[in-house]
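A short write-up of the structure that comes next.
The values are calculated or read from the model by the stated rules, or taken from the named source; none is laboratory data. Predicted model only: the values in this text are computed from it and were never measured. Glycine also receives a Cβ, built like all others from the backbone with ideal geometry; neighbour counts cover every protein chain displayed.
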Amino acid sequence: MLQKKEVLSLEGKVAVITGAASGIGLGTAQLLSAYGAKVAMLDVNEKGEEEAQKIREAGRTALFFKCDVTSIHEIKKTVHEIIGNFKKIDILFNNAGVTVRKTVVDLEESEWDFVMDVGLKGTYLMSKFVIPIMAEAGGGSIINTGSGWGMKGGDKAAVYCAMKGGIVNLTRAMAIDHGVQNIRVNSVNPGDTNTSMLKEEGRQLGCEEMAFLKDSAKGRPLERLGLPEDIANAVLFLASDLSSWITGSALVVDGGGIA
Ligand SMILES: NC(=O)c1ccc[n+]([C@@H]2O[C@H](COP(=O)([O-])OP(=O)(O)OC[C@H]3O[C@@H](n4cnc5c(N)ncnc54)[C@H](O)[C@@H]3O)[C@@H](O)[C@H]2O)c1
């Protein structure tokens with residue numbers, strides 16, 4: 001007979017979250033710490049320090065690390081510092097991302113590299129240094145932030161769609177390679193979520209903010225934008241033992257947007 005288990009508890013776990021100074025990464029740092037995880041919050045934006053402080057003031061454990069996920073040197077140094085503070089890593093949320101809303105014709109080569117480097121190369125580099133640590137400790141859970149646009153195309157989003165498609169399939173490849181080390185790797189794929197990135201997209205497309213946000217919610221079966229908390233809930237599930245036999249999957253969290 002199955003019993004009720006405290007499977008959602010992350011007590012004693014250490015979670016590393018990139019892009020944790022705002023939006024989905026910040027919401028996830030708040031939620032995972034509420035479930036008992038010690039969180040390492042990585043970002044290029046030093047506002048992450050204030051956010052980590054707020055989490056500590058709520059009686060939880062969080063440390064901010066200024067780290068650019070496109071830099072192998074900064075990642076090596078930061079992973080070393082995380083281990084110095086927390087001794088291990090159980091959960092890695094590769095979430096840092098940026099977008100440039102242009103067609104391939106209009107896109108500058110530097111813009112292509114910027115979006116690819118933060119999203120895709122950042123995920124590769126973080127995983128490269130964290131997986132051996134997880135493997136040595138007997139396993140872990142990695143969650144990569146994809147997007148609905150990693151599964152279908154979107155307008156004026158050529159490099160973003162390419163980058164997110166790469167993340168969804170990189171996730172599957174990593175799941176195949178590292179299952180034997182008891183490391184599960186899944187992607188969480190948000191639809192339009194009310195964060196600074198979505199507002200920045202509206203600005204890039206020359207839209208009025210409120211109209212853009214309203215328009216982005218339209219046509220979704222659940223008729224609203226996502227909130228960082230909606231995505232964080234899915235990350236909590238994939239980080240916890242409730243998803244113990246799920247790896248290589250792409251979980252769509254979008255109010256039914258691509259249904
Ligand atoms: N908001 C949406 O509608 C939406 C939809 C689908 C997927 N996503 C994805 O969710 C993730 C989080 O985005 P968000 O919406 O919370 O946006 P956000 O702009 O609020 O957060 C992204 C964070 O990443 C950080 N970041 C950028 N470059 C970095 C770098 N080189 N190194 C470390 N940190 C860096 C930023 O400073 C920022 O704090 C991204 O991967 C994004 O592509 C967002």
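Of all residues in the stretch 117-128, none that is closer than 10 Å to A96 by Cβ and at pLDDT below 95 has its Cβ atom under 7 Å from the Cβ atom of a residue that is among the aromatic types (F, W, Y) and within 10 Å of the ligand (Cβ to nearest atom), 6 or more apart or on another chain. Here the stretch 159-192 is the region considered, the condition is being without any contact (Cβ under 8 Å) to a residue 40 or more places away in the chain and surrounded by fewer than 16 Cβ atoms within 10 Å (Cβ to Cβ), and the residue that is nearest to the ligand (Cβ to nearest atom) is N169. When you check V69 against the structure, is it within 16 Å of the ligand (Cβ to nearest atom), under 25 Å from K199 (Cα atoms) and either within 15 Å of the chain's Cα centre (by Cα) or free of Cβ contacts under 8 Å to residues at least 12 places away in the same chain (or both), yes or no? Criteria met by V69. When K88, K102 are screened for being in a loop (DSSP other than H, G, I, E, B), under 21 Å from the mean Cα position of the chain (by Cα) and of a type in the set (D, E, K, R), only K88 passes. From the list K214, K218, K152, K199, the lone residue that is at pLDDT below 95 and either under 30 Å from E11 (Cβ atoms) or more than 13 Å from the chain's Cα centre (by Cα) (or both) is K218.
The set of residues in the stretch 193-235 being β-branched (V, I, T) and near the ligand (Cβ under 10 Å from one of its atoms) consists of T193, T195, I231.
Within the stretch 58-80, the set of residues being crowded, with 19+ Cβ neighbours inside 10 Å, in a helix (DSSP H, G or I) and not aliphatic (A, V, I, L, M) comprises T78 only.
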